[in-house]
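Here the structure is laid out as structure tokens; the discussion comes afterwards.
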């Protein structure tokens, strides 16, 4: 079977920050399946259990434990491996945690990003960098319409603000050090990716909807929901990862002719309320109930945006990307993963992930999604020796 993304990643060195996390783990497995040489740089897995351990994500990659806030360690790793691609996913990713520890949030999300870009800047040779931030980077005004890539950065919570700061810092690096029109001089290509609320097997983060539901189901408790009517752009983790990989492939093909910011969200019909997603997940799991506890949080001063949607027109029209799994299929795949993990002693988490990747790519091909058709093999720029 021909490789998706035109075989761009086969035998190429790909440096992933945050590979021990949920999204980073799925990205690592997908890239490995395409023949990439993955180098992971991250702290220890953030939860127990974790996708990283359950799916043996680090079993056949170069696994480096380090903090993106440690510039010397990070720079040494990037200098040693001189990657063709860098996917920067390492982050403090929980909105409510950012209120408890804003210093960690800003130092990780802002300065961690600056450290990655500075390390790449100091290494000679060509490198394509996809800086992953969040849909929360936008200054949410409570608008009904979906946010576009040129809307203002900002946000109320320290997390949102930190992601907006990371976007502005990365854009300054692109303009100052990696301007596309001078690519032949600096050999660096940099873009930003902003995804919605992701779900999928192997996420056990605290204060995140699907893991919170599963913990309650396992304990035989009612799921407490503090904002049942909040609207978010829900999607399976493979949809935004496909977007990141599209960006990497596009950077390797036309590094001097690609915009900076890109949204990757679901179809408009999958911008659902928290209540709708919870009921869909509990229905797929075949058990559990939820309770509206919004009254208990009425005096909580930690602001949470009520409505957030992403406009993905640019990615669909210019990258040939599109959402592949609608929310119902995303919930089905998520429930199947967790049901296997909790109910089957012989469950192979890694095989399940790879099988879901194969199903996802197969549906993308059947749907004539451009990145899945693989019309040719592109040569990725090689690092200068």
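Every read-out reported here was derived from the displayed coordinates using simple, explicitly stated rules and does not represent laboratory data. Model, not experiment: these values are computed from the prediction. Heads up, the Cβs are rebuilt from the backbone with ideal geometry, glycines too, and the neighbour counts pull from every protein chain shown.
Give me the number: length gained by fully extending residue 168 to residue 72, i.e. 0.36 nm times residue separation minus the C-alpha to C-alpha distance, one decimal in nm.
32.3 nm
Using a simple spin-label model with points 7 Å from Cα along the Cα→Cβ vector, what separation in nm is obtained for residue 366 and residue 206?
Label-label distance for residue 366 and residue 206, simple model: 4.1 nm.
I need to check one value: relative contact order of the stretch 232-326, counting alpha carbon pairs closer than 8 Å and at least 6 residues apart, in percent.
Contact order relative to length: 51 percent.
Nearest 10 degrees is fine. How inclined is helix 274-285 to the longest principal axis of the chain, computing both from alpha carbons?
Around 80 degrees separate the two axes.
Using the alpha-carbon atoms, what tilt in degrees (0 to 90, nearest 10) does helix 349-366 show relative to the longest principal axis of the chain?
The angle comes out at about 70 degrees.
Output the peptides 8-18, 36-46 sorted from most to least packed, where packing is the average of other Cβ atoms within 10 Å over each peptide's residues.
Highest-to-lowest ranking by the protection proxy: 8-18, 36-46.
Starting from the Cα-Cα distance between residue 60 and residue 152, subtract it from 0.36 nm times their residue separation and give me the gain in nm to one decimal.
Taking residue 60 through residue 152 to full extension adds about 29.0 nm, to one decimal.
Fewest to most neighbouring Cβ within 10 Å: what's the order for 48, 79?
48, 79
Given a cut-off of under 8 Å on Cα pairs at least six residues apart, what relative contact order in percent is computed for the chain?
Relative contact order comes out at 21 percent.
List 121, 232 from most exposed to least, where exposure is judged by having the fewest other Cβ atoms within 10 Å.
121, 232
If contacts are Cα pairs under 8 angstrom and at least 6 residues apart, what is the relative contact order of the stretch 21-76 in percent?
It comes to 38 percent, rounded to a whole number.
Expected output is a single nm value to one decimal: the length gained when fully extending between residue 107 and residue 253, i.e. 0.36 nm times separation in residues minus the C-alpha distance. What is it?
49.2 nm is the gain from fully extending residue 107 to residue 253.
Would the stretch 226-350 count as rounded, prolate or oblate if I go by the C-alpha gyration tensor, calling it rounded below 1.5 in a/c and otherwise prolate when a/b exceeds b/c, oblate otherwise?
Verdict is oblate for the stretch 226-350.
Report which label in (i) -0.68, -0.81; (ii) -0.60, -0.74; (iii) -0.79, -0.90 holds the value of log10 I(q)/I(0) by the Debye sum over Cα atoms at q = 0.10, 0.11 Å⁻¹ derived from the coordinates of this structure.
Read-out taken from this structure: (ii).
Show that you can apply the helix-only estimate: for the chain, add -39,500 (n - 2.57) for every DSSP H stretch of four or more residues, divide by all residues, and state [θ] at 222 nm to the nearest 500.
-11500 deg cm²/dmol
Indicate the gyration tensor shape class of the stretch 277-369 (rounded, prolate or oblate), computed on the Cα atoms with a ≥ b ≥ c the square roots of the eigenvalues: a/c under 1.5 is rounded; otherwise a/b larger than b/c is prolate and the rest oblate.
Cα axes put the stretch 277-369 in the oblate bin.
Using the number of other C-beta atoms within 10 angstrom as an exposure proxy, rank 358, 32, 304 with the fewest first.
Ranked by crowding around the Cβ, least crowded first: 358, 304, 32.
Rounded to the nearest 0.05, what FRET efficiency is calculated for residue 350 and residue 295 with R0 set to 45 Å and r the Cβ-Cβ distance?
So the FRET efficiency works out to roughly 0.60.
Given a Förster distance of 56 angstrom, what is the FRET efficiency for residue 145 paired with residue 44, based on the Cβ-Cβ distance and rounded to 0.05?
0.85
Given axes a ≥ b ≥ c from the Cα gyration tensor, I'd like to know whether the stretch 1-96 is rounded (a/c under 1.5), prolate (a/b larger than b/c) or oblate.
In terms of gyration-tensor shape, oblate.
How high is the FRET efficiency from residue 267 to residue 177, r the C-beta distance, R0 22 Å, rounded to 0.05?
Rounded to the nearest 0.05, the efficiency is 0.05.
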